[in-house]
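Enquirer: My questions will all concern the structure given below.
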Amino acid sequence: MSRALRLKEILGKMVGAAVLFICVFIPIQAHAQLEIDIVHGAPQPVPVAIPDFLSAHPETDQIAKDMAAVIAANLERSGLFDVLDQSLYIEQQTDTDYQPRFSDWRLINAKALLSGKIVREGEGRLRVEFRLWDIYAKQQLDGKRLATTPDNWRRIAHKISDYIYQRLTGEDGYFDSRIVFISESGPKTNRRKRLSIMDADGANARNLLANSDLVLTPRFSPVFEDKGVRKKVQLITYLSWETGRPQVFLQEIETGNRELLGNFSGMTISPRFSPDGRKLIFSMIKRGNSDIYVFDRASRSTTRLTTNQAIDVSPSFSPDGRNIVFNSDRGGSPQLYIMGANGSNVKRLSFGEGRYTAPVWSPRGDLIAFTKSHNGQFHIGVMAAETGKGERLLTSSYLDEGPTWSPNGRVLLFSRETRGQNGRSSIWSVDLTGRNLRKLPTPGAASDPAWSPILP
Amino acid sequence: MNFKFILLSVFAITLSACVTAPEPVPVKQQVVAPMPAPVPEPEPEMPPPPVAEIPIEEVVPRGPEPGTSEHFKYVSGDDRVYFDYNEHVLSPHAREVLRSQANWLTRYSGAIIVVGGNADERGTREYNLALGARRADAVKAFLVSQGVEPGRITTVSYGKERPIDGRANEEAWAINRNAHSAVLVGGIS
């Protein structure tokens with residue numbers, strides 16, 4: 001069955017269903033191979049063993065330990081895996097090029113084993129090798145060699161995590177990615193909001209823009225752009241008040257180069273990239289009225305897409321670039337609408353009770369995530385992209401808002417702010433199933449997360 | 001005036017009552033020399049005169065410096081007008097405040113203001129930015145209708161990013177749903 005077909009089938013089964021996680025064993029020839037069905041769900045995370053990587057040089061001993069720990073933390077956080085405690089391990093492998101003693105690993109009930117080693121290849125170069133074993137089928141599921149500089153070892157750990165996730169679930173992983181967000185400080189009535197970035201696991205958090213105290217809604221370009229030979233840059237767009245009013249900026253993460261988008265007299269807000277990264281869609285406010293515009297980066301031309309006297313805000317492209325979901329109060333209250341990429345065929349998508357805002361199209365194309373407020377509570381929810389049907393609310397609190405999709409469309413991040421004068425924002429993640437609600441580790445209060453595509 | 005006069009006379013009377021007459025100086029027999037002027041004896045040390053504490057009237061407040069942003073707020077009654085939930089329609093009270101703001105702006109014709117639109121936290125970020133912009137524009141449009149030149153008023157939205165009351169209740173949210181007229185350049189009448 002082709003991947004596309006499989007995803008369609010998944011989509012059909014997902015909508016409106018109470019999704020359960022189960023571990024299935026698909027017979028392949030004589031073997032029963034380990035595969036986790038993340039779509040139909042698994043109440044029991046799959047037990048896996050991740051010993052420290054072998055290290056042949058004292059300089060790489062620490063990295064060998066840390067790498068296993070980072071991979072274990074990634075897999076645990078996904079909610080799909082239970083990484084067994086290292087003290088339980090019976091076999092202590094000394095050479096990863098030999099088969100493990102499967103019986104030893106079966107005894108502690110591990111379903112999969114990751115064994116890896118680090119080889120120091122001269123000054124400033126590491127080679128990492130790993131093998132992923134299916135303990136019950138007694139076969140290698142995956143094995144790769146990766147090379148990098150010692151200070152880049154975390155990326156290797158994330159890549160290996162993605163390989164494991166991909167091999168065991170059949171879906172792309174999302175660990176080797178980054179999150180742009182807003183770090184918050186100061187009291188509620190005098191808050192500083194700064195542009196920041198971190199790895200998907202919360203490591204390497206840093207500020208991206210000095211001396212700017214009100215920045216909001218950063219978002220990634222879905223594509224990496226070539227910058228010279230073998231160098232790629234990743235672009236983000238965000239709002240800053242540094243000119244005195246909210247305006248959309250573009251910035252290259254790696255170089256820090258930035259520019260004001262266009263030369264507009266009004267306020268510009270709620271920017272997002274098109275799926276090919278060539279356009280930006282945003283709202284421009286003229287005489288108090290917000291309408292949606294699209295900006296072509298190559299020609300620097302701007303086209304107006306809505307001409308309504310209502311609020312039209314928060315546009316988000318479908319991954320094929322053909323449609324746009326947005327937020328409008330043209331019907332009297334904030335609801336979700338979709339239209340063609342040229343502004344044609346506007347139709348209302350949300351019909352449930354309450355107020356719907358902040359829609360984001362899934363990178364798979366099948367769903368739209370949104371924020372809903374109803375009866376004094378805020379929710380992150382999803383609905384079918386084409387029909388608006390099958391609404392499912394995944395979270396509920398005093399203030400949940402602004403969902404963003406993992407690169408594989410399986411996990412959502414959002415902002416949650418607690419109630420009252422000492423209210424504080426933090427970033428949370430939740431699976432598409434509504435399970436596995438977790439707070440992300442951030443250096444301080446944080447909001448407005450946006451998830452990058454998988455790094456190149 | 002009266003008080004001053006009374007105070008002075010009381011002092012004078014007290015003073016004279018306490019002065020003792022100088023004792024006569026014995027005259028030396030000298031033939032030619034003229035009589036020196038009589039040298040008064042130094043006055044004996046006296047206790048300080050008793051001071052009566054008399055209340056003085058309060059200073060009449062003069063109000064803020066005319067033409068300043070404080071003056072603008074003082075004269076207009078408020079530098080903010082408030083809105084209902086998810087609304088940008090001006091209430092009768094808001095119009096009254098804005099008429100006063102317009103009068104001040106007419107009087108101080110050099111003044112420039114920035115109207116900042118604000119929303120409460122019971123909405124999401126981007127929608128609230130659009131809502132704040134509507135509120136700021138409603139204020140600008142009203143001030144312009146009262147004769148203020150549009151070029152003297154710029155608008156900005158802060159969405160829900162500039163709350164002035166951090167509590168989580170109806171009262172606080174109502175306070176945070178406002179448009180704030182900030183005097184950027186003061187006026188001289």
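Enquirer: For segment A:384-403: of the residues being within 23 Å of residue A:438 (Cβ to Cβ) and assigned to a strand (DSSP E or B), which is nearest to the other protein chains (Cβ to nearest Cβ)?
Expert: A:401
Enquirer: Can you tell me which condition residue A:85 does not meet? The list is (1) more than 15 Å from residue A:46 (Cα to Cα); (2) charged (D, E, K, R); (3) out of contact with any strand residue (DSSP E or B) (no Cβ under 6 Å at 6 or more places or on another chain), and all the others hold.
Expert: (1)
Enquirer: Here are the criteria: (1) open to solvent by less than 30 Å² (accessible area, probe 1.4 Å); (2) out of contact with any strand residue (DSSP E or B) (no Cβ under 9 Å at 6 or more places or on another chain). Tell me which single one residue A:263 does not satisfy.
Expert: The number of the failed condition is (1).
Enquirer: Still on this structure: Scanning segment A:211-260 for residues that are aromatic (Phe, Trp, Tyr) and away from chain B (no Cβ under 14 Å), which turns out most open to solvent (accessible area, probe 1.4 Å)?
Expert: A:224
Enquirer: Yes or no: residue A:6 at pLDDT 50 or above and surrounded by 13 or more Cβ atoms within 10 Å (Cβ to Cβ)?
Expert: On the way: at pLDDT 50 or above: no; surrounded by 13 or more Cβ atoms within 10 Å (Cβ to Cβ): yes.
In short, no.
Quick grid of which residues meet (1) more than 10 Å from chain A (Cβ to nearest Cβ); (2) not basic (Lys, Arg):
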| site | (1), (2) |
| --- | --- |
| B:148 | yes, yes |
| B:152 | yes, no |
| B:157 | no, yes |
| B:168 | no, yes |
| B:171 | yes, yes |
| B:179 | yes, yes |
| B:185 | yes, yes |
| B:188 | yes, yes |
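Enquirer: Test residue A:199 against the criterion of being open to solvent by less than 30 Å² (accessible area, probe 1.4 Å), out of contact with any Phe, Trp or Tyr (no Cβ under 7 Å at 6 or more places or on another chain) and either among the acidic types (Asp, Glu) or free of Cβ contacts under 8 Å to residues at least 40 places away in the same chain (or both), and give yes or no.
Expert: Considered against the rule, which asks whether it is open to solvent by less than 30 Å² (accessible area, probe 1.4 Å), out of contact with any Phe, Trp or Tyr (no Cβ under 7 Å at 6 or more places or on another chain) and either among the acidic types (Asp, Glu) or free of Cβ contacts under 8 Å to residues at least 40 places away in the same chain (or both), residue A:199 comes out as yes.
Enquirer: Can you tell me how many residues in segment A:417-443 are under 15 Å from residue A:180 (Cβ atoms) and surrounded by fewer than 22 Cβ atoms within 10 Å (Cβ to Cβ)?
Expert: Result for segment A:417-443: 3.
Enquirer: Could you look through segment A:108-124, keep only residues that are assigned to a loop (DSSP other than H, G, I, E, B) and touching a helix residue (DSSP H, G or I) at 6+ places or on another chain (Cβ under 8 Å), and pick out the one that is surrounded by the most Cβ atoms within 10 Å (Cβ to Cβ)?
Expert: A:108
Enquirer: While we're looking at this one, here's another question. Listed residues B:80, B:95, B:62; which is in contact (Cβ under 8 Å) with a residue 24 or more places away in the chain and open to solvent by 80 Å² or more (accessible area, probe 1.4 Å)?
Expert: Only one candidate qualifies: B:95.
Enquirer: If I go through segment A:94-107 residue by residue, how many of them are assigned to a loop (DSSP other than H, G, I, E, B) and either in contact with a Phe, Trp or Tyr (Cβ under 7 Å, 6 or more places away or on another chain) or open to solvent by less than 30 Å² (accessible area, probe 1.4 Å) (or both)?
Expert: Let us first name the residues in segment A:94-107 that are assigned to a loop (DSSP other than H, G, I, E, B), namely A:94-101.
Narrowing the set further to residues that are either in contact with a Phe, Trp or Tyr (Cβ under 7 Å, 6 or more places away or on another chain) or open to solvent by less than 30 Å² (accessible area, probe 1.4 Å) (or both) leaves A:96, A:100.
Total satisfying the criteria: 2.
Enquirer: State whether the residues of segment B:111-132 include one that is outside any strand (DSSP E or B), more than 20 Å from residue B:159 (Cβ to Cβ) and at pLDDT 95 or above. Give the steps one after another, and end with the answer.
Expert: So in segment B:111-132, the residues outside any strand (DSSP E or B) come out as B:111, B:119-132.
The next check asks that each one be more than 20 Å from residue B:159 (Cβ to Cβ); those that pass are B:111.
Pick out the ones that are also at pLDDT 95 or above and you get B:111.
Yes.
Enquirer: Can we say residue B:114 is in contact with a Ser or Thr (Cβ under 6 Å, 6 or more places away or on another chain), β-branched (Val, Ile, Thr) and open to solvent by 20 Å² or more (accessible area, probe 1.4 Å)?
Expert: Spelling it out, residue B:114 is indeed in contact with a Ser or Thr (Cβ under 6 Å, 6 or more places away or on another chain), β-branched (Val, Ile, Thr) and open to solvent by 20 Å² or more (accessible area, probe 1.4 Å).
Enquirer: Residue A:146 - would you say it is of a type outside the set (Lys, Arg), farther than 27 Å from residue A:451 by Cα and surrounded by 15 or more Cβ atoms within 10 Å (Cβ to Cβ)?
Expert: no
Enquirer: For segment A:175-196: of the residues being away from every other protein chain (no Cβ under 14 Å) and open to solvent by 20 Å² or more (accessible area, probe 1.4 Å), which is nearest to residue A:417 (Cα to Cα)?
Expert: A:183
Enquirer: Report, by residue number, each residue of segment A:163-174 that is out of contact with any helix residue (DSSP H, G or I) (no Cβ under 7 Å at 6 or more places or on another chain) and buried (at least 24 other Cβ atoms within 10 Å of the Cβ).
Expert: Within segment A:163-174, A:165, A:168, A:174 meet the criteria.
Enquirer: Of all the residues that make up segment A:54-64, how many are more than 19 Å from residue A:143 (Cα to Cα), surrounded by fewer than 21 Cβ atoms within 10 Å (Cβ to Cβ) and modelled with pLDDT of 95 or more?
Expert: So the answer is 2.
Enquirer: Out of A:269, A:285, A:338, A:311, which single residue is more than 12 Å from chain B (Cβ to nearest Cβ), in contact with a Ser or Thr (Cβ under 9 Å, 6 or more places away or on another chain) and not charged (D, E, K, R)?
Expert: Values: A:269 fails: more than 12 Å from chain B (Cβ to nearest Cβ); A:285 fails: more than 12 Å from chain B (Cβ to nearest Cβ); A:311 fails: more than 12 Å from chain B (Cβ to nearest Cβ).
When all the criteria are applied, what remains is A:338.
Enquirer: Restricting attention to segment A:404-416, which residues are open to solvent by 20 Å² or more (accessible area, probe 1.4 Å) and within 14 Å of chain B (Cβ to nearest Cβ)?
Expert: A:416
Enquirer: Moving on. Among (1) within 22 Å of the chain's Cα centre (by Cα); (2) more than 12 Å from every other protein chain (Cβ to nearest Cβ), which single condition is residue A:345 missing?
Expert: Of everything listed in (1) within 22 Å of the chain's Cα centre (by Cα); (2) more than 12 Å from every other protein chain (Cβ to nearest Cβ), residue A:345 misses just condition (1).
The values are calculated or read from the model by the stated rules, or taken from the named source; none is laboratory data. A quick note: this is a predicted structure, and the numbers were derived from the prediction, not measured. All Cβ positions, glycine included, derive from the backbone under ideal geometry; neighbour counts span all protein chains shown. In case anyone asks, the SASA skips ligands and DNA or RNA and just uses the protein heavy atoms, side chains included. Shrake-Rupley method; radii C 1.70, N 1.55, O 1.52, S 1.80 Å.
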